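Readers should treat all values here as calculations from the given coordinates under stated rules, not as data from a laboratory. Keep in mind it's a predicted model, so treat the numbers as computed, not measured. In this analysis, Cβ positions are derived from the backbone assuming ideal geometry, glycine residues included, and neighbour counts consider all displayed protein chains.
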Amino acid sequence: MVCSKPNQGTVLNSWKAVWVVLSDDGVEFYKKKTDHSPKGMIPLKGATLISPCQDFGKRTMVFKITTEKKQDHFFQASHVEEREFWVKDIKRAITCIQGGKKFARKSTRRSIRLPETVNLTELYTLMKDQDDGVRELKLEQDNRVFNHCFTGATVVEWLISKGKARNRPEALMLATGLLNEGFLQPAGDMSKGAESAEQTAFLDHTNALYYFADSGFFCEGYSSDEDVLLKEEFRGNIIKQGCLLKQGHRRKNWKVRKFILRDDPAYMHYYDPTKGDDPLGSIHLRGSVVTAVEYVPDAKKYDIDGNLFEIITSDETHYFLQAATAEERKEWIKAVQAVSKGGK
């Protein structure tokens, strides 16, 4: 994976793109992927990790590794899912080192004894087939409604019925591989509670819930103003998702929020990326106007740093957002414009 790493040796504290590799006992970073020797290595023995890191308010994908000698190292992933995958693996590596065990990210396949001929990407594509794949359902559990998800038992039975596994133990190994490679994600307390330091266990159970990593999964809850979120808002296809800085309507402070853009109906829901699956609120985009802006009223100059855009809804509500780069701002504006015109 390529991360951005700040150059701590300069006054400007500039960021540079580096190629990052997680080894048995440290994080190695290279100037480019083809380099044979690392530019540096961060030892993980006795290290701690903080994510998301708030030291760089305008950068939303940053995590911090602090070594045993109290040296801070900052990394920024390209999107939130990538950051979470790296954070998860680095934390496991730190835990393994503390317990005297050896950690290697590439050992997932071998640790669960998957044949080298198994192509998890192809298997995932087959599972997502709308006609012949694993059916996504709306399931109720613990007074919550989980949309676009399925049970662990359903996955195991599908793998057997399609001839991908001969029995339940084999199917369980395949499902575990899909889970630990990030194709499947746990939903609900039971499946989330099956995570250990080395890998996450897949549960062949009717009460263990999972969902596809790039699906429209959401857990119905309440918005920040305690109005029930209508399930119709979540029926549209996901057009774009990622983290942006959002200005609050009351205190005018800026906070990192994860945004999910859907069409038909046209909505953007925003979440606290450090908490659960319930959205903090939503923006109805039908008939809205979105434009790039160079400044924000009531905002202090040191709070923001370019790449700003504004959404004005049909009821004249103004939302000010900030992307990490100019290209990212352009992509968001284009996507929101398309949805606002075509979505209901």
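Would you mind putting 148-157, 88-97, 163-172 in packing order, based on average other-beta-carbon counts within 10 Å, highest first?
Working: 148-157: 21.0, 88-97: 19.0, 163-172: 14.6.
Ranking, from highest mean packing down: 148-157, 88-97, 163-172.
Give a quick list of GluC sites (Glu not before Pro) in the range 304-344 that DSSP marks as loop, anything other than H, G, I, E or B, with at most 16 other Cβ atoms within 10 Å.
Passing sites in the range 304-344 are GLU316.
Apply 1/(1 + (r/R0)^6) to the Cβ-Cβ distance of LYS16 and ASN119, taking R0 = 25 Å, and write down the FRET efficiency to the nearest 0.05.
0.10
Step through the table entries LYS16/LYS88; LYS39/LYS88; LYS91/LYS330, compare each Cα-Cα distance with 28 Å, and write down the pairs that go over it. Display every interim value, and only then the final one.
On the way: LYS16/LYS88 23 Å; LYS39/LYS88 24 Å; LYS91/LYS330 34 Å.
As for pairs spanning more than 28 Å Cα to Cα, those are LYS91/LYS330.
Find how much the distance from THR48 to TYR295 grows on full extension, using 0.36 nm per residue of separation minus their present alpha carbon separation; answer in nm with one decimal. Could the numbers behind the result be given before it?
Working: separation 247, 0.36 × 247 = 88.92 nm, distance 3.73 nm.
Going from the current span to full extension adds 85.2 nm.
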